Amino acid sequence: MIDPEAVLNHHCKPVPRYTSYPTASMFKEGLGAVLFEQSLAGLDPADPVSTYLHIPYCDRLCWFCACHTKHTLKYAPVARYVRSLVAEVKLLKQHLPFRPLLGQLHLGGGSPSLLKSDDLLLIRDALEQVFTINADTEISVEIDPSDVNGSTIDGLAEFGLTRASIGVQDFHPDVQQAINRPQSFEITRDVVQQLRAAGIRSLNIDALYGLPLQSESRLLRTLEQCVNLHPDRMALFGYAHVPWLKKHQNMINCDDLAGPLERYKHSRSATQALVAAGYQAIGIDHFAKPDDSLAMAARLGELHRNFQGYTTDNHQTMIGCGASSIGRSTIGYVQNTVPSNQYESQVSAGTLPKNKGLVFTADDRLRRHIIERLMCDFAVDFNTLDAYPIELVDACRKQAQRLVSEDRFGFCSFDDSTLQVQPVAKPFTRIIAANFDAYYEPEQFQYSKAV
Ligand SMILES: C[S@@+](CC[C@H](N)C(=O)[O-])C[C@H]1O[C@@H](n2cnc3c(N)ncnc32)[C@H](O)[C@@H]1O
Ligand code: SF4
């Protein structure tokens with residue numbers, strides 16, 4: 001048995017969420033453009049690519065939000081931004097050696113659901129000029145039920161949407177007031193029905209634990225209401241309170257936030273409730289119906305983790321478009337310029353808005369693989385790492401053995417060749433993964449609480 005209180009007292013420092021390794025805090029200014037050109041030049045025509053499009057606008061500002069977004073009540077800045085996004089997508093054509101097949105496309109934000117249907121179609125048209133989109137292309141979008149209307153839902157259906165991810169967070173009015181996010185169950189239910197009526201079959205719902213004024217019973221009631229909407233997938237993220245990075249989080253009263261042990265208990269009860277409702281637990285914070293592709297990928301050891309969380313996306317190359325978006329290739333990570341005005345100026349000057357980047361070293365590749373497998377499978381078999389230099393694998397193997405021999409909490413076992421996270425230690429996997437992070441500095445303030 002693990003004593004969670006002792007673990008949380010000992011590991012009180014923040015840790016990365018490991019949606020990438022190395023983490024975005026390691027990206028270096030000015031590397032992005034060259035790295036991106038090299039990545040595109042190295043594409044294999046046989047391999048489909050993924051694309052992430054970022055919409056950094058919302059018509060409300062939720063105080064808990066840690067996303068790259070801006071509040072606007074006017075549509076004009078959004079419309080102008082869409083013109084830049086379309087121009088950036090079209091610019092790709094000049095840099096791509098051929099027309100790649102688009103395997104997966106994700107529209108995230110911010111709130112892509114506030115886009116007008118005409119703008120969605122402009123984006124789709126630009127994508128079609130650059131990529132081949134076919135019936136197998138998975139297209140997903142993040143939806144804030146309070147800003148989406150029937151016309152946008154029709155536009156999304158015409159766009160070819162295959163999965164919608166709906167933000168709920170919590171349904172209790174007191175919690176919603178404490179995070180400045182009013183959203184009735186009825187509005188959410190109506191949007192779910194409209195999406196299904198428009199033919200969008202696969203739905204995900206996002207909920208959060210660790211929100212201000214959120215008791216265990218409020219959280220469980222929210223999850224019950226979500227389950228009543230029959231989503232195929234659910235994400236239950238721990239609220240990341242990082243007011244030093246996101247000033248508006250200062251609007252949240254710290255006295256209303258649960259402490260680490262309470263957060264742990266809430267997350268554990270929530271996991272039990274979702275599993276009892278028929279969902280398969282996936283990684284540290286996702287759930288899916290057992291016949292959903294994410295659940296199947298998890299069972300087959302084919303799950304991946306990217307900036308959006310857990311995914312079935314196994315493509316080597318992800319092209320990021322839009323301010324602050326991050327892409328990835330076999331060479332490294334590339335991030336677009338973050339401030340949207342600078343991003344728009346670069347695009348209008350005909351320049352690819354690539355700014356920061358990180359070129360993988362051999363050690364980064366190996367540690368990235370180890371961390372991804374730990375986060376996805378809770379295990380890593382060191383005898384399957386032939387693709388990596390043997391001396392680096394040996395160093396990590398020794399690190400794994402040391403981790404187990406010095407493990408005062410019973411987090412992991414190491415038998416023959418496999419480092420295995422114990423089932424009770426799963427909520428602490430980010431702490432375990434940090435042991436393989438060569439850059440981890442606990443004093444860094446970019447990160448959030450481990451649980
Ligand atoms: C990019 S947001 C977009 C969602 C959409 N705009 C909405 O509000 O419904 C995606 C998800 O990130 C999660 N998120 C945002 N801020 C967070 C934070 N501080 N900690 C943990 N998760 C957060 C929320 O669950 C949210 O639904
Ligand atoms: S949670 Fe969604 S709607 Fe709220 S500010 Fe963040 S991105 Fe915008």
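The values are calculated or read from the model by the stated rules, or taken from the named source; none is laboratory data. These figures come from a predicted structure and were not determined experimentally. Positions of Cβ are generated from backbone atoms using ideal geometry, with glycine treated the same way; all protein chains shown enter the neighbour counts. Surface areas here come from the heavy atoms of the whole protein model, side chains and all, with no ligands, DNA or RNA. Shrake-Rupley method; radii C 1.70, N 1.55, O 1.52, S 1.80 Å.
Let's see how each residue does on (1) outside any strand (DSSP E or B); (2) open to solvent by 10 Å² or more (accessible area, probe 1.4 Å); (3) out of contact with any Cys (no Cβ under 6 Å at 6 or more places or on another chain); (4) modelled with pLDDT under 95:
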site: Ser50; (1), (2), (3), (4): no, no, yes, no
site: Arg60; (1), (2), (3), (4): yes, yes, yes, no
site: Cys67; (1), (2), (3), (4): yes, yes, yes, no
site: Val82; (1), (2), (3), (4): yes, no, yes, no
site: Glu88; (1), (2), (3), (4): yes, no, no, no
site: Asp118; (1), (2), (3), (4): yes, yes, yes, no
site: Asp125; (1), (2), (3), (4): yes, yes, yes, no
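Can you find a residue in the range 171-181 that is in contact with a Leu (Cβ under 7 Å, 6 or more places away or on another chain), assigned to a strand (DSSP E or B) and either at pLDDT 95 or above or crowded, with 21+ Cβ neighbours inside 10 Å (or both)?
There is no residue in the range 171-181 that is in contact with a Leu (Cβ under 7 Å, 6 or more places away or on another chain), assigned to a strand (DSSP E or B) and either at pLDDT 95 or above or crowded, with 21+ Cβ neighbours inside 10 Å (or both).
Residues of the range 243-266 being in a loop (DSSP other than H, G, I, E, B) and surrounded by 15 or more Cβ atoms within 10 Å (Cβ to Cβ), which ones?
Lys246, Ile252, Leu257, Ala258
Taking the range 127-160 as the search range and keeping residues that are assigned to a loop (DSSP other than H, G, I, E, B) and closer than 26 Å to Phe98 by Cβ, which one is nearest to ligand 2 (Cβ to nearest atom)?
Out of the qualifying residues, it is Gly160.
Output the qualifying pairs, or none if there are none: Cβ atoms under 7 angstrom, residues six or more apart or on different chains, first residue in the range 387-416 and over 16 Å from His369 (Cβ atoms), second residue part of a loop (DSSP other than H, G, I, E, B) and open to solvent by less than 50 Å² (accessible area, probe 1.4 Å).
Correct list of pairs: Phe409/Ile2; Gly410/Ile2.
With the checklist (1) open to solvent by 20 Å² or more (accessible area, probe 1.4 Å); (2) part of a loop (DSSP other than H, G, I, E, B) in hand, flag the one item Arg189 doesn't pass.
Looking at each condition in turn, Arg189 falls short on (2).
Restricting attention to the range 200-241, report how many residues are assigned to a helix (DSSP H, G or I) and surrounded by fewer than 20 Cβ atoms within 10 Å (Cβ to Cβ).
Qualifying residue count, the range 200-241: 9.
Determine whether the range 352-369 contains at least one residue that is in a loop (DSSP other than H, G, I, E, B), farther than 23 Å from Tyr440 by Cβ and not β-branched (Val, Ile, Thr).
Among the residues of the range 352-369, at least one is in a loop (DSSP other than H, G, I, E, B), farther than 23 Å from Tyr440 by Cβ and not β-branched (Val, Ile, Thr), which makes the answer yes.
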